[in-house]
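The values are calculated or read from the model by the stated rules, or taken from the named source; none is laboratory data. These numbers come from a predicted model, not from an experiment. A quick note on method: Cβ atoms are made from the backbone with ideal geometry, for glycine too, and the neighbour counts reach across all protein chains shown.
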Amino acid sequence: MFSYPSRQIEELGKKLPDDENMIPYGYRSMEEYMQRMEEYAARYFTLESDKQLFVEFKTLMEEMNRKEEWSIVRYIGESDDNLFGLTHGHTYYWPCSKSNPKYEGVIDDEEFTSYWYSTEPEDWEILLDPTGMAYATIYGESKEHTTRKLYEKVMEQIEHILN
């Protein structure tokens, strides 16, 4: 599982042939993924601006994936059997970095990216919080705090779009 900079991946991905992409899914390790990205860089990112964006991408990937900086939380809310639902008692990672300690969502060991959820205090137990991001997010000291009402409203809108 990796956290990744979507904007850079989207911009660089436009330079790839249609049958290639930069989404970090299906790789056994970060090293395998980055090796593939280096191959893409050598082949497709020939303009100086693309090379510079690739260096920025690599730097962000390294920063975003220092797992020792990620918070670890336990979900203590009710289990949700919906697609991307949370399981009561399951432990999740909250990716973040010391350089950017902001809530970007929750990820577990079966997912390849993080997903956004409500951050109500009664739903989460903080197990490890090296950057303080989880505490600030859960207890509303940061603008990343997401109420259950807002989360449910957004999910309703997404379901409406998908159906």
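Numbers for the structure displayed
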{"read-out": "Residue ID - modelled with the lowest pLDDT, chosen from residues in segment 19-37 that are surrounded by 13 or more Cβ atoms within 10 Å (Cβ to Cβ) and part of a helix (DSSP H, G or I)", "value": "Met30"}
{"read-out": "Total residues in segment 143-153, condition surrounded by 13 or more Cβ atoms within 10 Å (Cβ to Cβ) and either touching a residue at least 60 places away in the same chain (Cβ under 8 Å) or more than 18 Å from the chain's Cα centre (by Cα) (or both)", "value": "1"}
{"read-out": "Selection count, segment 45-75, where residues are closer than 20 Å to Tyr115 by Cβ and part of a helix (DSSP H, G or I)", "value": "5"}
{"read-out": "Residue that is nearest to Glu104 (Cα to Cα) [pool: residues in segment 1-44 that are among the aromatic types (Phe, Trp, Tyr) and under 18 Å from the mean Cα position of the chain (by Cα)]", "value": "Tyr4"}
{"read-out": "Filter result for Tyr135 (of a type outside the set (Lys, Arg) and assigned to a loop (DSSP other than H, G, I, E, B))", "value": "no"}
{"read-out": "Any hit, segment 103-114, residues being buried (at least 16 other Cβ atoms within 10 Å of the Cβ) and touching a helix residue (DSSP H, G or I) at 6+ places or on another chain (Cβ under 7 Å)", "value": "yes"}
{"read-out": "Test: residue in segment 130-141 that is of a type in the set (D, E, K, R), farther than 13 Å from Trp70 by Cα and surrounded by fewer than 19 Cβ atoms within 10 Å (Cβ to Cβ)", "value": "yes"}
{"read-out": "Segment 58-86 - residue that is surrounded by 14 or more Cβ atoms within 10 Å (Cβ to Cβ) and basic (Lys, Arg) and, of those, modelled with the lowest pLDDT", "value": "Arg66"}
{"read-out": "Residue among Leu16, Leu86 that is closer than 23 Å to Pro101 by Cα, touching a residue at least 24 places away in the same chain (Cβ under 8 Å), assigned to a loop (DSSP other than H, G, I, E, B) and of a type in the set (A, V, I, L, M)", "value": "Leu86"}
{"read-out": "Residues (closer than 21 Å to Pro95 by Cβ and touching a residue at least 40 places away in the same chain (Cβ under 8 Å)) located in segment 27-58", "value": "Glu56, Phe57"}
{"read-out": "Qualifying residue in segment 55-75 (condition: under 20 Å from Tyr103 (Cβ atoms) and β-branched (Val, Ile, Thr))", "value": "yes"}
